[in-house]
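The values are calculated or read from the model by the stated rules, or taken from the named source; none is laboratory data. Please read these numbers as outputs of a predicted model, since none were measured by experiment. Here the Cβ positions follow ideal geometry from the backbone for every residue, glycine too, while neighbour counts run over all protein chains shown. What goes into the accessible areas is simple: the full protein's heavy atoms, side chains included, and nothing from ligands, DNA or RNA. Shrake-Rupley method; radii C 1.70, N 1.55, O 1.52, S 1.80 Å.
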Amino acid sequence: MKDEVTREERVENLKGMGCSRKRVEDARFTQGKGNYVDDIKLDGMLFGDFVRSPYAHARIKSIDTTAALDVPGVLAVLTAADLEPLGLHWMPTLAGDKQMVLADGKVLFQGQEVAFVVAEDRYAAADGIELVEVDYEELPVIVDPFEALQSDVVLREDLDPKAPGAHGPRKHHNHIFTWEAGDKEPTQEVIDNAEVVAEESMYYHRTHPCPLETCGCVASMDKVNGKLTLWGTFQAPHAIRTVVSLISGIEEHNIRVISPDIGGGFGNKVGAYPGYVCSVVASIVTGKPVKWIEDRMDNLMTTAFARDYHMTGKISATKDGKITGLQCHVTADHGGFDACADPTKFPAGFMNICTGSYDIPTAYLEVDGVYTNKAPGGVSYRCSFRVTEAVYFIERMIEVLAIKLDMDAAELRRINFIKKEQFPYTAALGWEYDSGDYHTAWDKALKTVDYDGLRAEQSQRVEDFKAGRTRKLMGIGLSFFTEIVGAGPVKNCDILGLGMFDSCEIRIHPTGSAIARLGTISQGQGHATTFAQILASEIGLPADSITIEEGDTDTAPYGLGTYGSRSTPVAGAATAMAGRKIRAKAQMIAAYLLEVHDNDVEFDVDRFVVKGAPEKFKTMKEIAFAAYNQAIPGIEPGLEAVSYYDPPNMTYPFGAYVCVMDIDVDTGVPEIRRFYALDDCGTRINPMIIEGQVHGGLTEALAVALGQEIAYDDMGNCKTGTLMDFFLPTAWEVPNYETDYTVTPSPHHPIGAKGVGESPHVGGVPCFSNAVQDAFRAFGNTHTNMPHDHWRIWKTANDLGLHG
Amino acid sequence: MIPAAFEYYRPKDMASVLAILEEHGDDARVMAGGHSLIPMMKLRMADVPHLIDLQDIGGMSDIVIDADGIRIGALVTQADIIDDAKLTAAAPILREAALQIADPQVRYMGTVGGNVANGDPGNDMPGLMQCLDAVFTVVGPDGEREIPAREFYEAAYMTAREDDEVLTSVSIPPPTGGYAYEKQKRKIGDYATAAAAVQIVKGGGSCVSASIAMTNLSDTPVYSQAASDALVGTAVDDAALDAAVAAMLADIDPSEDNRGPIAFKKHVAGVILRRAIVRAWSRA
Ligand SMILES: Cc1cc2nc3c(=O)[nH]c(=O)nc-3n(C[C@H](O)[C@H](O)[C@H](O)COP(=O)(O)OP(=O)(O)OC[C@H]3O[C@@H](n4cnc5c(N)ncnc54)[C@H](O)[C@@H]3O)c2cc1C
C-alpha cells in the first residue's frame, strides 16, 4: 500500500500532545447546551431547601413545623430529630471530625442548616422555610481563633475535651489539633544564633472559591430496585459514593453517583454537605426524586470557605543573604466543624511546602487548628492542599527579609534558589522535589520585563512623589513559586482511607475509534480535550476519534476525583499507562498480521512498521479491526486496557511572576499596568488550554489579593454573603496577562507533565500582594494584610503619613 | 432567593395603574426595570403582594429636547441615555454618569424613573438630578404635581412621592458650562464609595455659577449649596478647591460599610470632588 501522507501530516492528524487543539466541550457550553445538575428534571421531582440559623452561636430550644406543613405544596420538614433514628443527624467530615447534618440542639455558625423543607416546587419550599418557627437562645459568639483558645465558652459540647481528636491531643476545648513538621530545636538554635533574623505576622484572610455554579444535587431512590442515583456537583464522585454507602448503609453497588457538567469547583465541591444527605433521606422517605440547589448566599455563607490562616514567621540569614533557617506557626481557623478537605495524614494540607523554592537547610512548622463560630470548610481554593498559604507565607517572608537586609528581593531569591543540579531535592520539611530549573526561569522573567529598567523607573517615581510631582506610587511585585500537586502516592496520601491513585479504562472500537473513562471529573479544565490528546500520541488514533467520559460511577473506573491539580499528574499518567497497554497488544497483533516476530515491528505515530522496511506496516485503525475480526493464536479478541496509577511522587510545577502596579495614594485604587507569568508545568499537552488555565488562576489570584473575602462582624454575621460585597472580578478589572514558559519535564511521570490549573493562583496571590507592598517599601512599609482593597491600601498610605 | 407570592399586573394606561394603587394601598407597588425592586423581593426585604409592571404604559419612554429644557420619560433606560446623541450634546453629564452605573446588562433594564424614585442612597441619578436642578413630575389620584429633585429625598427609601403617586418624567433645565461625573467604586456594577456630580459655568476666567451634588455619602443624595458657593467668583484655584471640599464635607454624613470606615469615605469624597471640579472646570 502506498502512503500519500507525509509523516508530518500523520502527526498533525492525530492532534496529539503539544497541539493547541480547540476544546471539544465548548461547542455545547457556548450554545447553552451544557447539562448541569440544575438542568436535570425528573418526573415527580421535589425540591428541598434549608431553614438556616440567623445566629452564629445559639441553643435551639424548639422547632415548630406546623405552620410550614400547612403551606400548600409542602410535604415534609426534616429536623435532627427525624434523622437521629437513622443515625444521620451527624455525618463524618473528610478531616476526621463530624458535622451536624441538621442542627442537633445548637448551631455553631450563621447559616447553619436547621431544618430541611421538602416541597413540590421551590416556591412552596421557600414559603415553608419562612414559617418554620425556631426558638433560639443566643450564646456568646467567638469569631477570633486566639480568643477561642482562651475562652471558657465551649463551642463543641459534643466532644470530650480530654479525649484526643483525629490528629492527636487537643490543648483546649476549642482546639482541634497541633500538627508539626521539621526540627523544632535545631531551627530555634539556628535562628537564635543567626546574623540576621526577619520576623513577620500575617493574616491570610478567609475567602471562598465561589464557583459560578453553586453546589447541588438530585437524589432519586428507586424503591423497587433498591437503587439510589445521585446526581451532584461532585469533584470526587467515587469518594462521594463510598461516603454515601458508609453513612447510609446502602450497599455501594446499589448507589450510582453522577457528576454531570460542572460549572467550576475550585475546591468548593470536594466535600460532602448536609444538602446531599437530606436530599437522599428525603428521596427515601417520599419515594420521589429530590433536588437541592444552593443559592448564591447559601454558597458563600455555608459551603466550604478557603484560607483563614494566621501565620507568624521567622527567617534567618547570613549578612550577605544566604537563608539559614525558617520557622512558621499557624493558627488555623476552621470554623464550627473541622471539614477541611485534605489527605488524612495532613490536617494542614501541604503547608509544609512553605520553604518554597529555596534551599533552606533547617525549618520548623507548627499548625494549631481551632474551632470558632464560622462556617466550616478550609478547602484548597484553586490550589493543592494549603499550598497558596504556604507560598504566600514564604514569598512574603522573602520580601520582609530583603527589607531587613536592604537587598533587592529578586537577587535575594536568586542566591537562595535550589540549584538545578540539586534535584531531586529533599526539603527541610520533608518533601522530595522531583525536578526544577529555577534560575533559568527567573532570569528569563526578569529579562523579559526589563527588571532593572523597572526598578530605575520606580526610584524616579519615588523621587517625583517626594517632590510633589505625582500622587501615584509604583509597585513591582515578584513571586517565585513551587507547587506540590498530584496527590498522591498511596503510601502517604489517602482520603477517608481511600488511596489517592487514579485510573483510566480504554476501549478501542473495531473501526478505530475509542472511548476512555477516567476516575476524575472536569469542572471546566477541558479533560475531554487534553486526555484525548495524551491518548492520541500514545495509541496513534486521532484525538477527534476518542471520546473521554468521566463522572458516572457505574461506568468510570474508581478514582479520587479532580482537585489539587491531580488530574494530569495522576489520571493523565493512568491514561498514558493504559494507552501503553493497548499499544503493547497492538504490537503483537501487528506482528501477527505482518508475519514477523513481535520485536521486529516498531511504533511510528499511528502505526506499527517492520523495522528496516517502512513500506510494510499496519495502521492502528487496521489493527483495531483485526482485534475484533481475526482469530489470532495466543491473543484474546478485543482491544481494551485499564490502568490504576499510584504515582511514585508528587509533581512540582513552578513559575516566575512579575506584576507592575500603579497605586493612587489618595484613593487607594491600584491599577495593574503589567502582569507577566512564566509557568513551568513540565510537558505541555495543550498550550492553549494551559494559557486559559493561567488566565483563570491569575484572575482568582487578583480577586483574593485585592478584595475577595468572607468577613464577619463580632456577632458572627457574615458581611459578604452576596456578589455585591464579595469581589468576583469581571473582564473589566482584569489586566492583559502576558504568559510565558520553560519546560522541565517531571522525571517520574510517564509523559513528564506536572499539572497547571492551580499554579497561577498559587503564584499570583503573592505577586499581586507583593506589588502593593513594594509600592510602599520606600516609605517604611514591611507588611500589610490582604485583601488590598481600596480602603486598606488607603490606610497603608495614611498610616505611613502619605496624606500630608 | 425566591420572592413571596405576588399578583402581577400589566395595565395599558396610567388610570388603571392608579386604580390598582388606590385599591391595594401599601400592598401595591409599581415596577419599571425591576433591577432594584426584584432583588429586594427575592431577598424578601420587600414584600409586594401586588406588583404593577409599567412597561406597557405608553408615553413614558420619550426624550424631548427643546428650548425649555430636557424632558426624560420615567421609562427611559440608562442604555437609552447612553445611546442618545442629541441628549448627550445637550447634557453630556448624563451620558458620563450613566456609563458609570452598573453594567450593560443592568443598564438595558434600569430606568431613569426607577433610579430616581427608588430612594436608595447608592443610586447615582438622584445626586446627578440634584446637580442639574431637575424637577420630577408625579401623577396621583389628585392629578399631576412637580417636585424639585433637591426637595425629593427625605431619608433612605423615603421620598416626597406619595405611595399612590407614579413618577412620569424628569425635567432638566438646559445645562451650561463644564461638567463632570466622577465615581469611585470597587468594581464594575458596584455602587459608589463616593461620587460627585459637578456643573460649572465660567465667565472671564472665573466661576460664574456652580452646582455640586454627592452620592452615597449620606442616607440621601447631598446637594451642597455651600460647596457650590465656595467656587463662585473664584478662579477655581487651590484655595477655592479646598474651600469647596471643606464645605461639602460639612454637608455629608457617610456611614461605615464594607467599602470602608467613615474617615476613608470622607477623604475619598474630597479627592473625588476635587477631581470632578478640576475636570468640569477644564471643560467649562
Ligand atoms: C448589579 C447591579 C448593579 C447596579 N449598580 C448601580 C449603580 O452603580 N448605580 C445606580 O444608580 N444603580 C445601580 N443599580 C440599580 C439600577 O440602576 C436599577 O435599575 C435602578 O436603581 C432602578 O431602576 P429600575 O427601573 O430597575 O426600577 P425598579 O427596580 O423597577 O424600581 C425601583 C423602585 O422604584 C419604584 N419605581 C420605579 N419606577 C417608578 C415610577 N415611575 N414611579 C414611582 N416609583 C417607581 C419601584 O416601585 C421601586 O420601589 C444596579 C443594579 C444592579 C442589579
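For the reader, a short list of remarks on this structure follows.
- Residue B:236 falls short on exactly one of the conditions (1) out of contact with any Gly (no Cβ under 7 Å at 6 or more places or on another chain); (2) of a type outside the set (Ser, Thr, Tyr); (3) on the phi < 0 side of the Ramachandran plot, and that condition is (3).
- The set of residues in region B:110-120 that are away from chain A (no Cβ under 14 Å) and more than 6 Å from the ligand (Cβ to nearest atom) comprises B:112, B:116, B:119.
- Of all the numbered requirements in (1) touching a residue at least 60 places away in the same chain (Cβ under 8 Å); (2) within 14 Å of the ligand (Cβ to nearest atom); (3) crowded, with 18+ Cβ neighbours inside 10 Å, residue B:26 misses one, and that requirement is (3).
- Residues in region A:690-707 that are touching a Ser or Thr at 6+ places or on another chain (Cβ under 6 Å) and closer than 15 Å to residue A:529 by Cβ: A:691 alone.
- All conditions but one from (1) more than 10 Å from the ligand (Cβ to nearest atom); (2) in contact with a Gly (Cβ under 6 Å, 6 or more places away or on another chain); (3) open to solvent by less than 40 Å² (accessible area, probe 1.4 Å) apply to residue B:149; the one that does not is (2).
- Note on region A:469-489: residues that are of a type in the set (Ser, Thr, Tyr) and open to solvent by 10 Å² or more (accessible area, probe 1.4 Å) amount to 1.
- Taking region B:1-58 as the range and being in a loop (DSSP other than H, G, I, E, B) and charged (D, E, K, R) as the test, the residues that pass are B:10, B:12, B:13, B:44, B:47, B:56.
- Residue in region A:616-625 that is in a loop (DSSP other than H, G, I, E, B) and either open to solvent by 10 Å² or more (accessible area, probe 1.4 Å) or not acidic (Asp, Glu) (or both) present: no
- One residue stands out among those in region A:97-108 that are assigned to a loop (DSSP other than H, G, I, E, B) and under 23 Å from residue A:496 (Cβ atoms): the one that is farthest from the other protein chains (Cβ to nearest Cβ), which is A:97.
- Test: residue in region A:766-775 that is under 19 Å from residue A:466 (Cβ atoms), among the small types (Gly, Ala, Ser) and in the same structural domain as residue A:353 (by TED's automatic domain parsing): yes
- Checked against the criterion of being of a type in the set (Val, Ile, Thr), within 13 Å of the ligand (Cβ to nearest atom) and at pLDDT 95 or above, the candidates B:166, B:201, B:135, B:208 yield just one match: B:166.
- The requirement of being open to solvent by 60 Å² or more (accessible area, probe 1.4 Å), over 20 Å from residue B:124 (Cβ atoms) and charged (D, E, K, R) is satisfied by residue B:229.
- Single residue of region A:182-218 satisfying the filter (touching a residue at least 24 places away in the same chain (Cβ under 8 Å) and open to solvent by 70 Å² or more (accessible area, probe 1.4 Å)) that is nearest to residue A:758 (Cα to Cα): A:212
- Selection within region B:1-23: residues that are surrounded by 14 or more Cβ atoms within 10 Å (Cβ to Cβ) and farther than 17 Å from residue B:164 by Cα. The member of this set that is farthest from the other protein chains (Cβ to nearest Cβ) is B:6.
- Matching option when the condition is polar (S, T, N, Q) and in the same structural domain as residue A:437 (by TED's automatic domain parsing), among A:587, A:630, A:693: A:693
- Here residue A:306 clears all of (1) open to solvent by 10 Å² or more (accessible area, probe 1.4 Å); (2) assigned to a strand (DSSP E or B) except the condition numbered (1).
- Close pairs (6 angstrom Cβ cut-off, 6 or more residues apart or separate chains): at the interface with another protein chain (Cβ under 7 Å from one of its Cβ atoms) and open to solvent by less than 40 Å² (accessible area, probe 1.4 Å) in region B:177-196, part of a loop (DSSP other than H, G, I, E, B) and away from the ligand (no atom under 14 Å from the Cβ) anywhere: B:184/A:667
- Positions within region B:49-58 being more than 8 Å from the ligand (Cβ to nearest atom) and either in the same structural domain as residue B:118 (by TED's automatic domain parsing) or modelled with pLDDT of 95 or more (or both), in sequence order: B:49, B:50, B:51, B:52, B:53, B:55, B:56, B:57
- Yes/no for residue A:392 being part of a helix (DSSP H, G or I) and under 23 Å from residue A:757 (Cβ atoms): yes
- Selection of region A:490-521 for residues being part of a loop (DSSP other than H, G, I, E, B), surrounded by 18 or more Cβ atoms within 10 Å (Cβ to Cβ) and within 19 Å of the chain's Cα centre (by Cα) yields A:493, A:500, A:501, A:519, A:520, A:521.
- Across region A:746-804, the number of residues qualifying as closer than 12 Å to residue A:663 by Cβ, open to solvent by 10 Å² or more (accessible area, probe 1.4 Å), within 14 Å of chain B (Cβ to nearest Cβ) and assigned to a helix (DSSP H, G or I) comes to 4.
- Test for residue B:134: is it open to solvent by less than 20 Å² (accessible area, probe 1.4 Å), aliphatic (A, V, I, L, M) and under 21 Å from residue B:281 (Cα atoms): no
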